[in-house]
Structures are given as structure tokens and as C-alpha cells.
Amino acid sequence: MIRLLDYGAGNVRSVINALESLGEKVKVVETGEDILSAEKLVFPGVGAFGSMMQILNKRNFVEPLKAFLQSDRPFLGICLGLQALFENSEEAPGIKGLGFLPGSVKRFAVDLSVPHIGWNGLNIKQPSRIFNGLSGSEKFYFVHSYHVVPENDEAVLTTTDYGYAFVSGIQKGNIIATQFHPEKSGSAGLRILENFLKTGAEQTKPVRAPGHTLLAKRIIACLDVRSNDQGDLVVTKGDRYDVRENGTVRNLGRPVDLARRYYEEGADEIAFLNITGFRDFPLEDMPMLEVLRRTSKNVFVPLTIGGGIRDYTDKDSRKYTALEVAAEYFRSGADKISIGSDAVLVVEQYLKAGSRTGQSAIEEISRVYGNQAVVISIDPRRVYVKSPDEVKHQVIKTAIPGPNGERYCWYQCTIKGGREGRDLDAVTLAQVCEKLGAGEILLNCIDRDGTNSGFDIELINAVKKAVSIPVIASSGAGCEEHFYEVFTETEAESALAAGIFHKREIPVEEVKNYLKGKVEIRG
Ligand code: 1PR
């Protein structure tokens, strides 16, 4: 039996699911005494350093944790569970960490997108049982803006390159901690967890070392989910957001089954979009939460979920905050949440007032769960203009002229699944959302959605150049070459597709086989 420390923020469900899939019995820590009496302890951390330490203090877990670490019993820290071992963090000045290792936690100072999101490799510095059976060339899933900076190299287990080499794992006696998420790193990650559980096993150092590790471009499978006319939750697919064919909602399969298939085919991430979330309140729409719970039981790559994340008052006048909705998604197995319509309204309000409220969904959720957990899903469509002065929006010069020969366009934000256009452009939306705390942009394009005509490269470049957070290119993928094009003609960190995967026109693995050797990907 293993004890797991759940301090109430982030997705611990995935860690429990991963350990249970390996046959381990997991019990969640309820009291400090549970920590003191644990034989083995896993501390998965997602969220923000400050709120994590505040909760650990409030629940009187700090002293038991320090005592556990000193006793040198098997401990596995994940992500913030690694950062917590150090003395302090730039993320929360003045708040003390556990101080088990000398050193601090610093924000990435790189000329690259931050957070560092995606699959990257390891340079292994010392033997460990957790590497048994690994070749050394595997990639693991990272999602963080801060990394540890130990005062000395003694405990450094692995380093990873992102602009510079940073410490991505530590080991001191039986205390092991990783910045990456083994529970989200497919079969290689499960292997690490399995090895951790075998406490007496031999310490090994894999033969292959990448030398310089590279972040892979991610291929994301997206499942647009809604109830069909019979009331069943189905994966559907629009053609420029119209999901009906001859009046009926297209049914392309069952969400849990499809997610599992894409995981097995090598998808680096799965996104679920509850596309009628703007009118159906997700906490009443229990099937969606159930889909997430069931998927996270056997899909060990990151899961993003969007749809309906906003403040809401139900029919009994009970008020729910967007934070509460997001919390329920995280508890059910989501690693990241995505906000669509509400982000547009938040940005409109911000621009009108000229300042932040501190209380928007983006700010609240990123404060508790960290920026990396907040994705903004943008649903823009092109609006052509004759000259850039015609509108107050951020306009681009386009190589694809409009119906009347217009050489300029802007990208109009929409809400409610493209049903309502707003007086706001996608570039401004992305910039303000980054300022408010968003960690990633999911950039759809209504004009390209379901058309198989390729990604809108101009849109992606316009948004990507305007922000320093990662961008997911979405809409229009029709063949393998489109992925190559988006990764070589833009700086997008990942590309998302739906139709070609659902219709089995091109499976995920074929896209990856095509990209192999041309673009850095996870094999
Ligand atoms: O507004 O916060 O409730 O979130 C609703 C979410 O649902 C938003 O993320 C919005 O993008 C999404 N959504 C709403 N209506 C639709 C629709 O299709 N009618 N789907 C919709 C958006 C776009 C992509 C699609 C890509 C790739 N779907 O996710 O998967 O375009 O497709 P392709 O590869 O087949 O071209 P809120």
C-alpha cells in the first residue's frame, strides 16, 4: 500500500489511476499521522507553489513531511512535489518550502515559450532503480514555468534542456522527485512508477544519453463532445462548426473509446471540448465528468477539457464560480481546462475598464492551479478589409485575398461555438489572456474547421508572434503534410486535429511516421 498526498489542488486522480493500473493499493493522506506512518509516499503537485505551501501549513502537514523525508523512506515527488523539497520559490516570495535540499525554485529565463509544456528528454546523471528497463532516449511530459536550482550537484538525478539545462529530477537516498509527470508520460512513465514501487531493485543508468534534449512538437487529438438528439453523449465533428448533417448531429463514436484509441495510436495529448457547455451547465451534465473519470483510468497522457467554464447560477439560485467548475473537472481527471466564450467576455471587460478585476475565471483558476493549467480556446473567423485603417483591430496583410480582392483581414473572436461574433480580434484576446494568467492558447479557425484544407498559417503566425505562451494550432488538418507545414512555417508548439483522426483518414501514428526525422516528435 502506498500513501498519496492530496493537498486539494490539481489532478491527483491521474496519479492514483496510474498507480492502481500497476496493481498498487493507494490511500490518500488524511492527517499528519498518515504521513508519519506511511511506508511509501507519493507527493504529486500541480498548481502554484504559494497556495500549495499555504495548504500544507494549514493542514499541519509540513512537520510530518519533513520528518518523513529525514527518515529516508521511499518518497516520490512529482512536479511541485519536487519544488516543495527546496527552500523557497520565486513564484511565491516569502513563503518557505520544506527545505529538504538546499537551493531554490526559479522561473525559466529563456527566449522560448513559458510554460515549458510537452515531451522532453532526460540526461541521466546517476544510477537509479526508476530507470530499469529504459533505453535513455524516452521522452516525458513536462508542464511548468519554474524549475529547481539546487545549491550543489549531489542530488541531481537528471537534467533536461530548454534554452539551458535545468534540473529535472533529484535523488537523495530513497527520496526521488521529478519535474516531469510520469503518470502522464505513457508507457515510459508507467515504467518509472512501477520501478519506484520496487524498492529493493538494482540501480541502473540507461546506456543511451541524448546529449542535448529536445522538446517534441505535440500531436493532439481533439474530441468535440455533445449530446445527440437521442440524449447520448457522442463525439461529433463540425464543418466550419456546423455539426449537423441532414438535420442530425454527426455521431463519430463514443468519447471514452476514441480517447483510448488515440492514446494507443500515440497521441501526445487528448482534448475534450464540451461544445454545448455554453448553454448546458457542466456540473449538471454529469456524463461529461464521467467521460473524464473513465478516460483518465487508462489514458496516461495529458487531458484537456473545455466547455462551460464560467460563473453560473442554477435553477435553485445556487451560485457556482468558474473556479468551482474547473475544480470539478480537475478532480475528475483533467490536467488542463480550456476557456472559450468566457475568455472573450473577460477580455472585453478588461479593455473597457482598462484594468484587471483579479476575479476573472482566468485569474482565479491560474492563481490556484497555476498558469499551465489554463488554456484559452479561441474560435475566430476571418473578416476581410480593404485597408488596415478601416477597423481598430489588429489587422494582417494576407496572401489569400478576400472575395472582393481585399488584401487585409482581421480575426474576429466568437462566442457560443461560433454563433455570435464580437468586436474583438483574436490577437488582442490572446495577448490580454496571457497577461491575466493563461498558460496556453488553443487556436481554432472557423473558416478551416473540418475542411481538410490545412491550418491557417497566417492566423497562427499572427497570434504566436504576439504572445510568449505556447500555441496549439488547430483546424483544417487534412494530410500529414499539413502538420509538417504548420511546424516548419510557424512556431506553434503543437498541432491539433479532429476529423482526419475520427474518420480514420490518417491515424495519429501515420502523422508521426511522416514527421519522424523531419520534426522533433515523441516516437
Ligand atoms: O465557450 O468555454 O463553453 O467552450 C466551448 C468549446 O467548444 C470551445 O473550445 C469551442 O472551441 C468548442 N466548440 C463550440 N462549438 C463547436 C463546434 O464545433 N460547433 N468546437 C466547438 C470547436 C474546433 C476544434 C476542432 C478543430 C479541428 N471545435 O476543436 O476540433 O477545428 O477540427 P478538424 O481537424 O476536423 O479541422 P466555452
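Of the conditions (1) part of a strand (DSSP E or B); (2) away from the ligand (no atom under 15 Å from the Cβ); (3) not β-branched (Val, Ile, Thr), ASN513 satisfies every one except a single condition; which number is it?
Single failed check for ASN513: (1).
With the checklist (1) open to solvent by less than 20 Å² (accessible area, probe 1.4 Å); (2) out of contact with any strand residue (DSSP E or B) (no Cβ under 6 Å at 6 or more places or on another chain) in hand, flag the one item ARG293 doesn't pass.
Going through (1) open to solvent by less than 20 Å² (accessible area, probe 1.4 Å); (2) out of contact with any strand residue (DSSP E or B) (no Cβ under 6 Å at 6 or more places or on another chain) one by one, ARG293 breaks only (1).
Could you look through segment 405-424, keep only residues that are more than 16 Å from the ligand (Cβ to nearest atom) and over 15 Å from ASP342 (Cα atoms), and pick out the one that is surrounded by the fewest Cβ atoms within 10 Å (Cβ to Cβ)?
Filtering first and then ranking leaves GLY405.
PHE86 - would you say it is in contact (Cβ under 8 Å) with a residue 40 or more places away in the chain, farther than 28 Å from SER494 by Cα, touching a Leu at 6+ places or on another chain (Cβ under 9 Å) and assigned to a strand (DSSP E or B)? So that I can check it myself, show each step before the final result.
Numbers: in contact (Cβ under 8 Å) with a residue 40 or more places away in the chain: yes; farther than 28 Å from SER494 by Cα: yes; touching a Leu at 6+ places or on another chain (Cβ under 9 Å): yes; assigned to a strand (DSSP E or B): no.
No; evaluated as a whole, the condition is false for this residue.
Cβ-Cβ below 7 Å, separation at least six or inter-chain, first residue in segment 424-453 and on the phi > 0 side of the Ramachandran plot, second in a strand (DSSP E or B) and open to solvent by less than 10 Å² (accessible area, probe 1.4 Å): which pairs?
Pairs found: GLY437/VAL374.
Need the failing condition index for SER113 against (1) touching a Ser or Thr at 6+ places or on another chain (Cβ under 7 Å); (2) within 28 Å of THR204 (Cα to Cα); (3) in contact (Cβ under 8 Å) with a residue 40 or more places away in the chain, just the number.
For SER113, the exception is condition (2).
Give all pairs with beta carbons closer than 8 Å in which a residue from segment 180-192 that is within 17 Å of GLN372 (Cβ to Cβ) meets a residue that is open to solvent by 10 Å² or more (accessible area, probe 1.4 Å) and among the basic types (Lys, Arg); count only pairs at least 6 apart in sequence or on separate chains.
So the pair list comes out as SER185/LYS139.
Could you check segment 463-482 and list, in sequence order, the residues that are touching a helix residue (DSSP H, G or I) at 6+ places or on another chain (Cβ under 8 Å) and either in a loop (DSSP other than H, G, I, E, B) or within 15 Å of VAL375 (Cβ to Cβ) (or both)?
Residues satisfying the conditions are VAL463, VAL467, SER468, ILE469, VAL471, ALA473, GLY476, ALA477, GLY478, CYS479.
Considering only segment 240-256, how many residues are open to solvent by less than 40 Å² (accessible area, probe 1.4 Å) and either within 12 Å of the ligand (Cβ to nearest atom) or under 19 Å from the mean Cα position of the chain (by Cα) (or both)? Quick ask: steps written out before the conclusion?
Going through segment 240-256, the residues open to solvent by less than 40 Å² (accessible area, probe 1.4 Å) turn out to be 243, 249, 253, 255-256.
Right, trim to either within 12 Å of the ligand (Cβ to nearest atom) or under 19 Å from the mean Cα position of the chain (by Cα) (or both) and you get 243, 249, 255-256.
Total satisfying the criteria: 4.
Which residues, counting only those in segment 337-356, are surrounded by 12 or more Cβ atoms within 10 Å (Cβ to Cβ) and either more than 16 Å from the ligand (Cβ to nearest atom) or small (Gly, Ala, Ser) (or both)? Please lay out each step first, then the result.
Our first condition is that a residue be surrounded by 12 or more Cβ atoms within 10 Å (Cβ to Cβ); within segment 337-356, this holds for 337-351, 356.
Within segment 337-356, SER338, GLY340, SER341, ALA343, TYR350, LEU351, ARG356 meet the criteria.
Does segment 205-212 include one or more residues that are open to solvent by less than 20 Å² (accessible area, probe 1.4 Å) and either under 21 Å from PHE455 (Cβ atoms) or among the charged types (D, E, K, R) (or both)?
No: zero hits.
Evaluate the following for GLY163: is it modelled with pLDDT under 95 and surrounded by fewer than 17 Cβ atoms within 10 Å (Cβ to Cβ)?
No: the conditions fail for GLY163.
Using the structure shown, decide if ILE460 is open to solvent by less than 10 Å² (accessible area, probe 1.4 Å), in a helix (DSSP H, G or I), more than 10 Å from the ligand (Cβ to nearest atom) and touching an Asp or Glu at 6+ places or on another chain (Cβ under 9 Å). Can you show your working first?
Numbers: open to solvent by less than 10 Å² (accessible area, probe 1.4 Å): yes; in a helix (DSSP H, G or I): yes; more than 10 Å from the ligand (Cβ to nearest atom): yes; touching an Asp or Glu at 6+ places or on another chain (Cβ under 9 Å): yes.
Taking the combined requirement at face value, the residue satisfies it.
Does segment 33-65 hold any residues that are outside any loop (DSSP other than H, G, I, E, B) and more than 30 Å from the chain's Cα centre (by Cα), and which are they? Let's see the steps before the verdict.
Of segment 33-65, the ones outside any loop (DSSP other than H, G, I, E, B) are 33-37, 41-45, 49-58, 62-65.
Hits for segment 33-65 are GLU33, ASP34, LEU36, SER37, GLU63, PRO64.
Can you find even one residue in segment 260-272 that is under 19 Å from the mean Cα position of the chain (by Cα), more than 27 Å from GLU510 (Cα to Cα) and open to solvent by 20 Å² or more (accessible area, probe 1.4 Å)?
No; the residues of segment 260-272 include none that is under 19 Å from the mean Cα position of the chain (by Cα), more than 27 Å from GLU510 (Cα to Cα) and open to solvent by 20 Å² or more (accessible area, probe 1.4 Å).
Just a yes or no: is a residue in segment 387-404 at pLDDT 95 or above, within 16 Å of the ligand (Cβ to nearest atom) and open to solvent by 10 Å² or more (accessible area, probe 1.4 Å)? Before the answer, list the steps.
If we filter segment 387-404 for residues that are at pLDDT 95 or above, which is where we start, we get 387-404.
Adding the requirement that they be within 16 Å of the ligand (Cβ to nearest atom) leaves none.
Scanning segment 387-404, I find no residue that is at pLDDT 95 or above, within 16 Å of the ligand (Cβ to nearest atom) and open to solvent by 10 Å² or more (accessible area, probe 1.4 Å), so the answer is no.
Please work out which residue is least open to solvent (accessible area, probe 1.4 Å), limiting yourself to segment 483-506 and to residues that are within 11 Å of the ligand (Cβ to nearest atom) and over 23 Å from the mean Cα position of the chain (by Cα).
ILE506
Starting from residues that are open to solvent by 20 Å² or more (accessible area, probe 1.4 Å) and within 18 Å of the chain's Cα centre (by Cα), keep the ones in segment 296-325 and report whichever is nearest to LEU190 (Cα to Cα).
The residue in question is ASN298.
Does ALA38 meet the test of being open to solvent by 10 Å² or more (accessible area, probe 1.4 Å) and either touching a residue at least 12 places away in the same chain (Cβ under 8 Å) or among the small types (Gly, Ala, Ser) (or both)?
Answer is no for this residue.
Within the bounds of segment 107-126, is there any residue that is open to solvent by less than 40 Å² (accessible area, probe 1.4 Å) and basic (Lys, Arg)?
Scanning segment 107-126, I find no residue that is open to solvent by less than 40 Å² (accessible area, probe 1.4 Å) and basic (Lys, Arg), so the answer is no.
Which of the residues spanning segment 41-70 are within 28 Å of THR159 (Cβ to Cβ) and open to solvent by 50 Å² or more (accessible area, probe 1.4 Å)? If you could, list the steps in order and put the result at the bottom.
So in segment 41-70, the residues within 28 Å of THR159 (Cβ to Cβ) come out as 41-53, 56, 65-66, 68-70.
Matches in segment 41-70: LYS66, GLN70.
Conditions (1) within 16 Å of the ligand (Cβ to nearest atom); (2) in a loop (DSSP other than H, G, I, E, B); (3) closer than 18 Å to LYS416 by Cβ, marked per residue:
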site: ASP229; (1), (2), (3): yes, yes, no
site: LEU258; (1), (2), (3): yes, no, no
site: GLU264; (1), (2), (3): no, no, no
site: LEU273; (1), (2), (3): yes, no, yes
site: THR276; (1), (2), (3): yes, yes, yes
site: PRO282; (1), (2), (3): yes, yes, yes
site: MET288; (1), (2), (3): yes, no, yes
site: VAL291; (1), (2), (3): yes, no, no
site: THR295; (1), (2), (3): no, no, no
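The values are calculated or read from the model by the stated rules, or taken from the named source; none is laboratory data. In this text, all values refer to a predicted model and were calculated from it rather than measured experimentally. When we count neighbours, we look across all protein chains shown, and the Cβ atoms used for this are built from the backbone with ideal geometry, even at glycine. Side chains included, ligands, DNA and RNA excluded: accessible areas come from the protein's heavy atoms. Shrake-Rupley method; radii C 1.70, N 1.55, O 1.52, S 1.80 Å.
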